[in-house]
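What follows is a single structure, written as structure tokens, with notes after it.
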Amino acid sequence: MTRLYITDMLRAQGRHISFHTPGHKRRGADITELSYSDDLSDPKGVLALAEADAARILGADRSFFLTDGSTCGVYAMLYALRAEGVRRIAVPAYAHRSVANACEVLGLSPVLIAQDAAAGIPRQPTAEAMEAALRGADALLLTSPDYYGFFPDLAAARALCTAAGKPLLLDGAHGSHLHGEALHASRFADMWVDGVHKSLPAMTQGAVVSAKGAWAAPLAAGAAHFRTSSPSYPILASIEYALKFPKNARLERLAAWAKQQLGALPNDDWTKIVLPFGECADAAQRFLERRGVYAEFSDGNVLLCYLSPANKAREVKKLVRLLRDFPRGEMRFAAQTSDMAGGNVVLLPPEAAVGKVCARACGMVPPCIPLLLAGNVVTADAAARLARARHTFGLTDGKISVFAGE
Ligand SMILES: Cc1ncc(COP(=O)(O)O)c(C=O)c1O
């Protein structure tokens, strides 16, 4: 039986009167650093044991638990790069917004790797595009897998970085369920983050950032800079639980069957069922919700159903029953790039911005990747999707930043 060091410690607690934080003063798992509960910033007890097990499971030399999501892991990795002298980093044009934010905060210059988004979904960059961007950068960061279950050419990325003597980082916010498998980040990267709260059964915000070799020391400094000094023990316990949760081969087979039954887009990640409902995607989401079934998101083009080994087989079968005959619409949105118009930037409501050139990347939350990049022409479809979206980023009071033009 696998030991769960943090859970066992929490279960073994005696009743006590609390003259310590947190202020709710309730007994239970939500405690602070006490004589028996260790300290994440300098672990020597149960947290050291749990992090050492995590490193073994994840194939790392050092792993650091994060209770602040993969976002914190991205910041910690980029901090480590900066500390080792990196100034320019090649990143996918459609990277998660935390990457651009961390570059801004840390003074790193992002060199954008071109990505095609012709079918309405960003495609992973080609090896040629990675190579071109890496020529002008000191490090390479890729998203693997992405929200839609696509992987970059990891072997090519590793070979490029090894040949150039530059580090490879992987944002594995969606890939922790792959640990021990051929496509897991640990097989290729120098540093990577595993978003255990997304594709393994950890509580929201549970993540792990890991490193190999000499990157462990600067990454430790990065984690120390960006982690909260009051980590949540329920989240820490859930990270350990999630990493030790058994694989679910039966569910993986069922997911493959469901994808085939539902005409999902082919991808290499069993946890992401990407349903190309096109203009019916929002209606499909509402249809499911009225029946008590919630998908990860509709981006107005695809409906994304996100699984983990903790899903039940009967839930996947129900999804297939409900959606098999649901009507489908056209897949939309081909990004058009214009020669980057310069000049004054103005804010316009989406409908008035159609035909103008976008000046600041913006998109829906989730998936938190740009729908429009700076330099894209604002299409009527993109404007409509942004106007309809419940939550967005990169807009100001619902308005798109565009170049005014003449
Ligand atoms: C590719 C990618 N990277 C990083 C993150 C940030 O993860 P978290 O929400 O755990 O901070 C996300 C979140 O959706 C993501 O999709």
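Data for the structure
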| quantity | calculated |
| --- | --- |
| Ranked list, fewest to most other Cβ atoms within 10 Å of each Cβ, for 186, 98 | 98, 186 |
| Part-to-part distance (alpha-carbon centres) for segment 125-188 and segment 8-28, which is given in Å | 43 |
| Rounded tilt (10° steps) of 249-262 against the dominant C-alpha axis of the chain | 10 |
| Nearest-0.05 FRET efficiency for residue 393 and residue 32, computed from C-beta distance (R0 30 Å) | 0.35 |
| Theoretical gain in end-to-end length, residue 291 to residue 345 [0.36 nm per residue, Cα-Cα removed] | 15.0 nm |
| Segment 273-406 shape via C-alpha gyration tensor axes, a/c threshold 1.5 | prolate |
| Cα→Cβ-extended label distance, 7 Å offset, between residue 20 and residue 100, nm | 4.3 |
| Net charge, residue 28 excluded, C-beta distance under 13 Å - Lys, Arg +1, Asp, Glu -1 | +4 |
| Rounded to whole Hz, the Karplus (6.51, -1.76, 1.60) HN-Hα couplings of segment 359-365, x for glycine and proline | 9, 8, 4, 8, x, 8, 10 |
| Residues of type lysines that residue 312 reaches as a straight line, Cα spacing below 20 Å, ignoring anything fewer than 8 places off in the same chain | 198, 244, 247, 259, 272 |
| Size of charge dipole - the chain - debye, nearest 20, with Cβ of Lys, Arg +1 and Asp, Glu -1, no other charges | 1280 |
| Charge dipole (the chain, unit charges on Cβ, about Cα centre) - positive-most of 58, 373, 96 | 58 |
| For segment 336-403: rounded, prolate or oblate by the Cα gyration tensor [a/c cutoff 1.5] | prolate |
| Percentage of interatomic Cα-Cα distances in segment 85-184 larger than 19 Å | 38 |
| Cα point-scatterer Debye curve for the chain, base-10 log of I(q)/I(0) at q = 0.07, 0.08, 0.09, 0.13 Å⁻¹ | -0.35, -0.46, -0.58, -1.16 |
| Helix 281-290 axis, angle to the chain major axis (alpha carbon atoms, nearest 10°) | 40 |
| Relative contact order [Cα under 8 Å, 6+ residues apart], segment 238-362, whole percent | 24 |
| Built amide H within the under 5 Å cut-off of residue 392, gap 5+ | 365 |
| In degrees, nearest ten, helix 154-164 long axis to first principal axis of the chain (Cα) | 80 |
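Quick note: the coordinates plus some simple rules give every number you see, no bench work behind them. No experiment lies behind these values; they were computed from the predicted model shown. Positions of Cβ are backbone-derived with ideal geometry, glycine not excepted, and every protein chain shown enters the neighbour counts.
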